[in-house]
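Working notes, beginning with the structure itself.
The values are calculated or read from the model by the stated rules, or taken from the named source; none is laboratory data. All values reported here derive from a predicted model rather than from experimental measurement. As a convention, Cβ positions derive from the backbone with ideal geometry for all residues, glycine included, and neighbour counts pool all protein chains shown.
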Amino acid sequence: MELRPVSGDRFSSSDVDLRYDMADDSSTGSRNNRSSSVSLPPMVSGGYPNNRADQKKAKAISDAIDRSLKADKERQQKEGGIKLLILGPSETGKTTVLKQLKLLYGRKGLDSERQTYCRIVHLNAMRAIQTLCYGLEEADIPLEHPENEVHLETIGRLETTLKRFSVTSVGFANPAIPRKITDAKAETDLFAEMAPAIKALWADSGIQHTFKTCTQLNIQDSANYFLDDVDRIADPEYVPTDDDILQARVRTLAVSEHLFNIDNVTYRIYDVGGQRSLRKYWAPYFDDVNAIIFMVALSAFDQPCEDDPRLNRLQECLILFNQIANHKLFELTSMILFLNKIDIFQRKLLAGSMVNEHFPEYKGPNDYYSTTVFFQYRFIQQCKDLQKQVYTHFTHATDTNQMRVIVVAVNAIVQRLNLRSSGLL
Ligand SMILES: Nc1nc2c(ncn2[C@@H]2O[C@H](COP(=O)(O)OP(=O)(O)OP(=O)(O)O)[C@@H](O)[C@H]2O)c(=O)[nH]1
Ligand SMILES: [Mg+2]
């Protein structure tokens with residue numbers, strides 16, 4: 001299986017690049033519902049160690065990781081429960097599903113994360129308007145109101161500040177960053193200062209036109225959700241709602257483990273980073289997996305891959321699913337496929353985006369029903385073992401009501417298959 005690192009981790013214009021460390025997640029106080037960051041190989045050093053001291057250091061780190069993984073494994077065997085991995089490429093909604101599980105089954109829901117997400121929401125909104133301004137200028141789209149030019153300059157000056165934000169870790173002050181920037185109040189003040197410019201630009205039909213037409217910009221899915229609500233999120237007393245947290249985007253860098261008790265069964269659920277450069281960290285968690293939820297963003301059918309712009313995002317998803325579904329360690333693992341972001345998928349079809357322009361082998365009508373059946377078939381087709389059941393759900397991961405129903409269905413399937421594989425059914 002090819003889960004090798006791919007070099008050239010590109011800067012993404014759509015994400016907040018914060019290490020999402022769940023170690024202090026106090027929503028997990030109960031015995032069965034807790035989260036922790038799982039030890040990871042260091043991500044800062046590049047290349048290979050080239051002197052004895054470096055080699056010694058690398059070996060010590062590698063041994064420490066092995067010891068930690070071994071200890072984790074022993075602990076897991078002792079604790080038992082169902083081990084479930086959430087896998088899939090970046091931006092498919094893995095962490096969003098995890099947030100829904102916290103909301104539905106965590107003791108404190110998302111309460112312990114509200115403060116952190118205040119900052120992420122602000123960064124998401126600033127990043128979104130910044131990407132739109134860049135797109136407007138690149139595509140030479142005129143502003144509706146020339147007096148907004150001054151706001152374009154203000155947003156242009158944000159670049160350096162956002163780059164500084166992008167290298168910090170949640171909860172850990174980065175010494176390279178001036179205190180003022182890591183201070184939460186300074187961040188809130190910065191957003192409040194930017195709010196009039198953001199609002200004026202978002203209301204300008206030039207920016208709206210950019211938003212609707214420049215699909216190659218890779219604007220985050222929740223851009224309009226936050227930009228429509230700048231006054232609310234700029235309020236000094238602002239506290240993110242559950243929906244805000246579900247919409248907020250922060251890319252996952254570290255693998256994290258979360259314990260949930262669902263219908264009296266303990267689940268150990270692992271959320272991973274989906275970027276190509278992070279997939280090398282998945283493999284150590286492939287032993288003894290009972291179930292995998294594989295996430296696909298159906299809405300990405302007309303988008304290029306972030307890691308490789310020559311490749312279609314959904315094609316990349318098919319390739320990755322092929323590797324996972326046919327992996328020898330997953331022969332007995334229940335495979336659950338979430339064809340996610342159906343709300344955006346539907347919107348794109350209605351706006352005239354054509355599936356057969358990106359998947360020429362598709363000859364059917366461009367309606368929701370026919371195209372989703374086609375994509376479901378394309379994924380199931382990837383399994384070489386024709387007996388392998390793939391349980392498919394069409395999901396809208398930011399919709400808590402829909403996810404509530406889906407989690408119940410998934411739990412029923414996983415428990416039944418688990419009993420069957422242990423000979424109890
Ligand atoms: N509209 C809509 N947005 C969604 C849906 N699922 C996820 N999102 C949004 O998509 C963005 C990315 O979701 P994440 O859960 O962070 O993606 P991920 O797979 O964890 O990405 P990595 O951590 O980089 O691997 C977030 O802004 C979510 O709010 C959906 O079904 N509909
Ligand atoms: Mg994630």
Item to check | Within segment 123-155, tally of residues that are assigned to a loop (DSSP other than H, G, I, E, B) and of a type in the set (A, V, I, L, M, F, W, C) | outcome: 3
Next on the checklist: With the requirement that a residue be in contact with a helix residue (DSSP H, G or I) (Cβ under 7 Å, 6 or more places away or on another chain), surrounded by fewer than 21 Cβ atoms within 10 Å (Cβ to Cβ) and more than 21 Å from residue 411 (Cβ to Cβ), what does segment 316-338 give you?
Outcome noted: 318
Item to check | Residues of segment 309-365 satisfying the condition of being under 18 Å from residue 384 (Cα atoms), under 17 Å from the mean Cα position of the chain (by Cα) and among the aromatic types (Phe, Trp, Tyr) | outcome: 321
Checklist entry - With respect to the numbered conditions (1) buried (at least 21 other Cβ atoms within 10 Å of the Cβ); (2) of a type outside the set (Val, Ile, Thr); (3) in the same structural domain as residue 80 (by TED's automatic domain parsing); (4) away from ligand 2 (no atom under 15 Å from the Cβ), which one is the sole condition not fulfilled by residue 263? => result (1)
Checklist entry - Do you know which residues across segment 381-413 are within 23 Å of the chain's Cα centre (by Cα) and either outside the structural domain of residue 267 (by TED's automatic domain parsing) or assigned to a helix (DSSP H, G or I) (or both)? => result 400, 401, 402, 403, 404, 405, 406, 407, 408, 409, 410, 411
Next on the checklist: Filter segment 241-253 down to the residues that are within 10 Å of ligand 1 (Cβ to nearest atom) and either under 12 Å from the mean Cα position of the chain (by Cα) or surrounded by fewer than 21 Cβ atoms within 10 Å (Cβ to Cβ) (or both) and list them by number.
Outcome noted: 243, 246, 247, 248, 249, 250, 251, 252, 253
Item to check | Sole residue being in contact (Cβ under 8 Å) with a residue 24 or more places away in the chain, charged (D, E, K, R) and surrounded by fewer than 17 Cβ atoms within 10 Å (Cβ to Cβ), chosen from 341, 384, 348 | outcome: 384
Checklist entry - Right, residue 238: in a loop (DSSP other than H, G, I, E, B), buried (at least 17 other Cβ atoms within 10 Å of the Cβ), more than 12 Å from ligand 2 (Cβ to nearest atom) and not basic (Lys, Arg) or not? => result yes
Checklist entry - From the list 337, 329, which one is away from ligand 2 (no atom under 16 Å from the Cβ) and outside any helix (DSSP H, G or I)? => result 337
Checklist entry - With respect to residue 225, is the statement that it is part of a helix (DSSP H, G or I), more than 16 Å from ligand 2 (Cβ to nearest atom) and not assigned by TED's automatic domain parsing to the domain that holds residue 343 true? => result yes
Item to check | Count of segment 387-405 residues which are more than 24 Å from residue 328 (Cα to Cα) and free of Cβ contacts under 8 Å to residues at least 40 places away in the same chain | outcome: 3
